[in-house]
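Asker: Below is the structure I would like to discuss, written out as structure tokens.
The values are calculated or read from the model by the stated rules, or taken from the named source; none is laboratory data. Predicted, not measured: the structure shown is a model, and the values here were computed from it. With ideal geometry, Cβ positions are generated from the backbone for all residues, glycine too; neighbour counts draw on all protein chains shown.
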Amino acid sequence: MADRLEGRVALITGAGRGIGAAIALKLASEGAQLVLNDLDAAPLEETARAVGRLGHDAVTVAGDITRPELPELVVNSALQQFGRLDIIVNNAGYTWDNVIQKMQDEQWQAILDVHLTAPFRILRAASAHIRDATKQEREAGQVVFRKVVNISSISAMLGVAGQANYSSAKAGIIGLTRAMAREWGRYHVNVNCVAFGLIETRLAQASGTQAAKIDVDGKKINIGVQAANLEAQKQSIPLGRAGTPEEAAGAVWKIGTLAAAGYAASPKQVRLRTPDQASRWRLL
Ligand SMILES: NC(=O)c1ccc[n+]([C@@H]2O[C@H](COP(=O)([O-])OP(=O)(O)OC[C@H]3O[C@@H](n4cnc5c(N)ncnc54)[C@H](O)[C@@H]3O)[C@@H](O)[C@H]2O)c1
């Protein structure tokens, strides 16, 4: 176990499974203490137990991050429990696809809420702490870098039929990232965005299966990708397979913990490449 994040506190939404759970384990294995949120309490507690087995603390705040009070509650949990907040990973999300003529307002709004409004509210809730902590550090002659990693998708970069809501929300978070990178540069906060291609999680399962559903407020929503489309997507990946959650977490760890002083406001598009290119990240 490394200790590159010893003494640092990270907040991760959607940490109950998939990419969020893998990010939690990666950051914990580097020494971070965690505040974890997910809609589903049971998998969230499972992630917290796995973090505990690595010898680190994880505070859990179960609940729908689109509820207006949740973002502040999650941020305050970090401050009350650990007294600081260093890394914010806005990861929670799901898909709710339909062609535009069948897409309801509710469907459009729910996806904007989870992928864009909730991250905005989390960053807003953290702003007072970040400003005050930077002021104190400046007075003490210290420079402490903090990190925000927002999760986007190639759906934003390329557009995906049937995902007008998701492509728009994931493009929106790139705009939020760019604005906040400029706004928070003076507080030494590096604000970045990772746009994943296909990653092997519940979200990327063949749709229509029992597993490819999410329960939001009692409503069972079909997630996943049409089987034929899923296969085509895999074929288009140079490595011939989807990424793993651990590979995705590695990208977040890489830009979420760099000690570098500079900040980048461009999304990093993470795609699986042929072995000789496997370690390269394409910057758009
Ligand atoms: N899997 C992919 O191919 C892929 C590709 C690009 C981007 N992404 C993005 O990665 C992120 C993680 O997705 P994943 O693939 O790990 O999916 P996943 O379904 O495995 O995990 C997502 C987690 O987010 C939680 N969540 C969903 N809505 C929530 C809400 N309102 N409040 C709190 N928690 C909520 C879910 O309960 C779940 O545990 C998402 O933002 C997704 O859009 C995934």
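Asker: Please go through (1) of a type outside the set (D, E, K, R); (2) within 16 Å of the chain's Cα centre (by Cα); (3) within 15 Å of the ligand (Cβ to nearest atom) for P68 and return the number of the only condition it doesn't satisfy.
Answerer: Among (1) of a type outside the set (D, E, K, R); (2) within 16 Å of the chain's Cα centre (by Cα); (3) within 15 Å of the ligand (Cβ to nearest atom), P68 violates only (2).
Asker: May I pose another question? Can you tell me how many residues in segment 18-42 are farther than 12 Å from V61 by Cα and part of a helix (DSSP H, G or I)?
Answerer: 12
Asker: If a residue has to be assigned to a loop (DSSP other than H, G, I, E, B) and either within 11 Å of the ligand (Cβ to nearest atom) or under 21 Å from I23 (Cα atoms) (or both) to count, how many in segment 213-236 make the cut?
Answerer: 3
Asker: Another question, then. Out of curiosity, is K170 among the charged types (D, E, K, R), away from the ligand (no atom under 12 Å from the Cβ) and under 14 Å from the mean Cα position of the chain (by Cα)?
Answerer: no
Asker: Look through segment 195-207, keep the residues that are assigned to a strand (DSSP E or B) and modelled with pLDDT of 95 or more, and return whichever of them is farthest from the chain's Cα centre (by Cα).
Answerer: Going through the qualifying residues, I end up with I199.
Asker: Quick one: in segment 174-212, of everything that is more than 10 Å from the ligand (Cβ to nearest atom) and among the charged types (D, E, K, R), which residue is farthest from R67 (Cα to Cα)?
Answerer: R186
Asker: Would you mind telling me which numbered condition in (1) under 22 Å from N150 (Cα atoms); (2) under 20 Å from the mean Cα position of the chain (by Cα); (3) loosely packed, with under 14 Cβ neighbours inside 10 Å A41 fails?
Answerer: In the conditions (1) under 22 Å from N150 (Cα atoms); (2) under 20 Å from the mean Cα position of the chain (by Cα); (3) loosely packed, with under 14 Cβ neighbours inside 10 Å, A41 misses (1) alone.
Asker: Where the second residue is of a type in the set (F, W, Y) and the first is free of Cβ contacts under 8 Å to residues at least 40 places away in the same chain and lies in segment 144-161, which pairs have Cβ atoms under 8 Å and are six or more apart or on separate chains?
Answerer: As it stands, the answer is S155/Y166; V160/Y166, since those pairs meet every condition given.
Asker: Would you call N76 among the polar types (S, T, N, Q), within 19 Å of V189 (Cα to Cα) and at pLDDT 95 or above?
Answerer: For N76, the condition - among the polar types (S, T, N, Q), within 19 Å of V189 (Cα to Cα) and at pLDDT 95 or above - is met.
Asker: Now a separate question. Let me confirm something: among R49, R67, R84, which residue is surrounded by fewer than 19 Cβ atoms within 10 Å (Cβ to Cβ), of a type in the set (K, R) and in a helix (DSSP H, G or I)?
Answerer: R49
Yes/no matrix, rows are residues, columns are (1) modelled with pLDDT under 95; (2) within 24 Å of A195 (Cα to Cα):
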residue: Q101; (1), (2): no, no
residue: Q104; (1), (2): no, no
residue: Q107; (1), (2): no, yes
residue: A110; (1), (2): no, yes
residue: L116; (1), (2): no, yes
residue: A126; (1), (2): no, yes
residue: V143; (1), (2): yes, no
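Asker: Also, quick follow-up: Taking segment 33-51 as the region of interest, how many residues are more than 11 Å from the ligand (Cβ to nearest atom) and either modelled with pLDDT under 95 or touching a helix residue (DSSP H, G or I) at 6+ places or on another chain (Cβ under 7 Å) (or both)?
Answerer: 5
Each row is one residue, and each column tells you yes or no for (1) surrounded by 13 or more Cβ atoms within 10 Å (Cβ to Cβ); (2) assigned to a helix (DSSP H, G or I).
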| residue | (1), (2) |
| --- | --- |
| G93 | yes, no |
| E106 | no, yes |
| I111 | yes, yes |
| I122 | yes, yes |
| A126 | yes, yes |
| V144 | yes, no |
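Asker: Only one of A78, A15 is among the aliphatic types (A, V, I, L, M), within 13 Å of the ligand (Cβ to nearest atom) and at negative phi; which?
Answerer: The unique qualifying residue is A15.
Asker: Further question: Give me the pairs: first residue in segment 113-126 and without any contact (Cβ under 8 Å) to a residue 60 or more places away in the chain, second residue near the ligand (Cβ under 9 Å from one of its atoms) and among the basic types (K, R), beta-carbon distance under 9 Å, and six or more apart or on different chains, which are they?
Answerer: From residues that are without any contact (Cβ under 8 Å) to a residue 60 or more places away in the chain, the pairs are H115/K170.
Asker: Identify, from the list T95, T47, the residue that is under 19 Å from L203 (Cα atoms) and touching a residue at least 60 places away in the same chain (Cβ under 8 Å).
Answerer: It is T95.
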